[in-house]
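Here is the structure we will look at, set down as structure tokens.
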């Protein structure tokens, strides 16, 4: 159950184009891809920073959790994600130790990842995402 590295930092934004202009054109980060995750009602853009990524998140509608986050907090860091070897094993271990997770099992997230969020009440106020790539088909 090794923790591998910080996979990405998620930043909630009102306008993906404006945010991409800064991170890609002004800061100089390498654009990787854009993706829509319908189940989370969010459009995402990924940019490379060394071995990690920045994940820019724009809500697709007012019911999106990102829309609610923006309404309450404004733009800014939404979460950080840690890459794990086995998300299922990590979920079981964390639940056994009393960590509060958002959901009971991993779900499909962006960038071909299985994900689950750890509630900020368990992480000193920070939303944490655990992720593991889905197995690649041979």
Cα axis of helix 87-96 to longest principal axis of the chain: angle in degrees, 0 to 90, nearest 10?
60
What shape does the range 56-138 take by its C-alpha gyration tensor, where a ≥ b ≥ c are the square roots of the eigenvalues and a/c under 1.5 counts as rounded, a/b above b/c as prolate, and the rest as oblate?
oblate
Can you bin the range 73-115 into rounded, prolate or oblate? Criterion: square roots of the alpha carbon gyration tensor eigenvalues sorted a ≥ b ≥ c, rounded for a/c under 1.5, prolate for a/b above b/c, oblate for the rest.
oblate
Alpha carbon centre of the range 17-90 versus the range 106-138: separation in Å?
13
To the nearest 0.05, how large is the calculated FRET efficiency for residue 3 and residue 124 if R₀ is 22 Å and r is the Cβ-Cβ distance?
0.85
Can you show me the helix-derived [θ] at 222 nm for the chain, built from DSSP H runs with n ≥ 4 at -39,500 (n - 2.57) apiece and divided by the number of residues, rounded to the nearest 500.
-4500 deg cm²/dmol
Along its principal axes, what span do the Cα atoms of the range 3-133 show, with the longest given first and each in whole Å?
44, 31, 26
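Bear in mind these aren't lab numbers, they're just calculated from the coordinates by the rules spelled out. Worth saying up front: this structure is predicted, and the values here are computed from it rather than measured. Quick reminder, even Gly has a Cβ in these numbers, built from the backbone with ideal geometry, and neighbours come from all protein chains shown.
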